[in-house]
Amino acid sequence: MNSLAQPMKWEKYFWPIFAALLFLGLWHFSVKWSATKVFPSPLDVERGTAELVSKGLLARYVSDSLQRVAWGYLTAAGLGIPLGLLLGWYPEAAAVVNPTIQMLRPISPIAWIPVSIVWFGVGNLAAIYLIFLASFFPIVVASMNAVRNVPSMYRRAGRNFGLSPAKLIAKVVFPASLPQIIVGLRIALGIAWLVVVAAEMTAIDSGLGYLIIDSRNSGKRYDLVVAAMILIGLTGLALDTIFRRVEKLKSVRWGFRHEF
Amino acid sequence: MEATTVVGVRPIVSHGLKVERALRVKLRAEGVSMIFTRDSDQVRVLDNISLEVGEGEFVCLLGPSGCGKSTLLNVVAGFISPTQGQVRIGGESVHGPDPRRIFVFQERGVFPWLTVEGNIGFGLSKLPKAERTHRIAHYITMVGLLGFEKAYPQELSGGMKQRLEVARALAVNPDMLFLDEPFGALDSITRLIMRGELLRIWEAERKTILFVTHDIEEAVQLADRVVVMSARPARIQGVVNIDIDHPRDISSRRYLELRDGIFEQIGLAHKV
């Protein structure tokens, strides 16, 4: 098959599944041949997952983690997008605030854990705050740059049709920067999902991060540890897939390089 | 230079009779100069430009690439204010863009996040819904985009996008159109068709048109008057009246005479 040929329909599904099965097989036989007592085989993990399901823990932990992400992430988007739009629109304001943002941005959300516990105590709020921090800066910076990159042609056209500054932002600047904002939102969601696990490892007693740390601490249940890892991966994949759908909406698709 | 202050006289054909009529002044630029400051260097782009355009007149600004003719158009449209001089349109001095005068951009300025309908209706949000729908339908038909109402610009060809932008401009019923090399990015066949379409629309709606181009043939095919501009800093080198009726025979003697006259004025021998 040369690279120009259209792949057959079954090939689109067959090869990814084949690769996943190959990976599982390698994993299985590595565990068997090394005769490890600690690391679980895929079948152990499958049994562990079934155990979580039967105890009703799996759905609860996944939903707990997702809810924390939703709160922190949506708050970050709700504050970050308007702030980013304003900073992009008023370069003078951006020049004042930007150095502070750029200084805070590289601080890992993990480094904020002690501070968040001092401020919000051990519990949900601390975790939500960490997720908020982790997604806020990427969203602000992406929105700000998105506005800056709006071609002046679009702004001039908007002004030419007599739009007030507020309408110009709502009807021209925002839709023109939306594709880039969506890229920022997608990156931020990925980071939020990374951070929720870390947050749950320290301050909370539910969620997938908690499942990992708890399974290790109480009885070295590595089958559950790996089960939680796989759940984290699958949920992250699902979140990203949703975003890819959003990018295909026709009113934003022009901003992405999709092949026709 | 004195030619620049004389308003053009356009022959109008009505029922086969050729009537010469002096035009009312629509736009008057007085001593417009533009100096840009880049890295502490001062670049003079426009040098003391005075120009008058009559009501309903089609004027081409012709000059080499980068000469400043687009800058002049942006000044006239109110997007940038001149360093010296002023522009008056219909007696009022220009202080910013205005929906009565729509700018059509060099590259495709249609909004990619809106459909064809959405783009044409963009400037019509203040109208009642029925009137808006009616106008959108009217201009979709006029520019030949019937059947593409719900299409997004990325689904259209270059020529269709350019027609869409013209329709968006016409929909708000402006008195003037500023066109900045609108057909520059199109292939030569589409460009010829688009020129015909623009003339057809102009004859139907009688807008005052200021059209920037670096294409001598294009200027002679379209304009009532061609304003020839020098290389930077742009000065008006001369104004040529194109006294041929539309549709113009582009192999007629007069056409070639006028075209070659402009070639000479620019200082090009008409040979490759």
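Read the figures in this text as sums done on the coordinates, not as results from a lab. Since this is a predicted model, take the numbers as computed values, not measurements. Note that we place each Cβ from the backbone using ideal geometry, even for glycine, and neighbour counts take in every protein chain shown.
Couple of notes before you dig in:
- DSSP-defined antiparallel bridges as percent of all bridges, the protein assembly as shown, nearest 5: 60 percent
- Multiplying the residue separation of B:Val25 and B:Glu92 by 0.36 nm and removing their Cα-Cα distance gives an extension gain of 22.9 nm.
- Spin-label pair A:Ala95/B:Ala151, simplified geometry with 7 Å Cα→Cβ offset, distance in nm: 4.5 nm
- Rounded to two decimals, the Cα-based Rg/Rh of chain B, with Kirkwood Rh, is 0.96.
- 10 Å Cβ neighbours from other chains, averaged over peptide B:111-121: 4
- Computed from the Cα positions only, the extents of the range B:64-185 along the three principal axes stand at 47, 34, 22 Å, in decreasing order.
- Calculated [θ] (222 nm, deg cm²/dmol) that DSSP helices of n ≥ 4 give over chain B, each run adding -39,500 (n - 2.57): -9000 deg cm²/dmol
- Legend: translational diffusion of the range A:103-193 by Stokes-Einstein, Rh = Kirkwood radius over C-alpha pairs, 4 °C, 1.567 mPa s; D = 87 µm²/s.
- The protein assembly as shown gives an Rg/Rh value of 1.14, both radii derived from C-alpha positions and Rh following Kirkwood.
- Principal axis extents of the Cα atoms in the range A:58-253, from largest to smallest and rounded to whole angstrom, are 69, 37, 20.
- Extension gain, B:Ala185 back to B:Asp245 (0.36 nm per residue minus Cα-Cα distance, nm): 18.9 nm
- Net charge, A:Ile17 excluded, C-beta distance under 15 Å - Lys, Arg +1, Asp, Glu -1: +1
- For the range B:110-161, Kirkwood radius (reciprocal of mean inverse C-alpha pair distance, Å): 11.1 Å
- Using the alpha-carbon positions of the range A:6-129, Rg (one decimal) and Dmax (whole number) come out as 23.0, 64 Å.
- Pairs of Cα atoms nearer than 8 Å and 6+ residues apart set the relative contact order; for chain A it is 23 percent.
- Of the complete DSSP H runs in chain B, those spanning 15 angstrom or more by Cα along the long axis with a mean Kyte-Doolittle score not below -1.0 are B:129-142, B:158-171, B:188-205, B:253-266.
- Partner lysines for A:Lys37 [C-alpha distance under 20 Å; skip if fewer than 8 residues away on the same chain]: A:Lys220
- Summarising the strand pairing of chain B, around 60 percent of its internal DSSP beta bridges are antiparallel.
- A simple spin-label model places the labels of A:Ser164 and A:Lys37 7.6 nm from each other, with each point 7 Å out along Cα-to-Cβ.
- Once the C-beta distance of A:Leu74 and A:Ser30 is scaled by a Förster radius of 45 Å, the resulting FRET efficiency is 0.65 to the nearest 0.05.
- P(r) tail for the range A:8-56: Cα pairs beyond 16 Å make up 55% of the total.
- With a threshold of 30 Å on the Cα-Cα distance, the over-threshold entries among B:Lys26/B:Lys69; B:Lys129/B:Lys161; A:Lys9/A:Lys55; A:Lys250/B:Lys69 are A:Lys9/A:Lys55; A:Lys250/B:Lys69.
- Nearest-ten-degree value, helix A:222-247 long axis tilted from longest Cα axis of chain A: 30 degrees
- Relative to the longest principal axis of the Cα atoms of chain A, the long axis of helix A:91-104 makes an angle of roughly 20 degrees.
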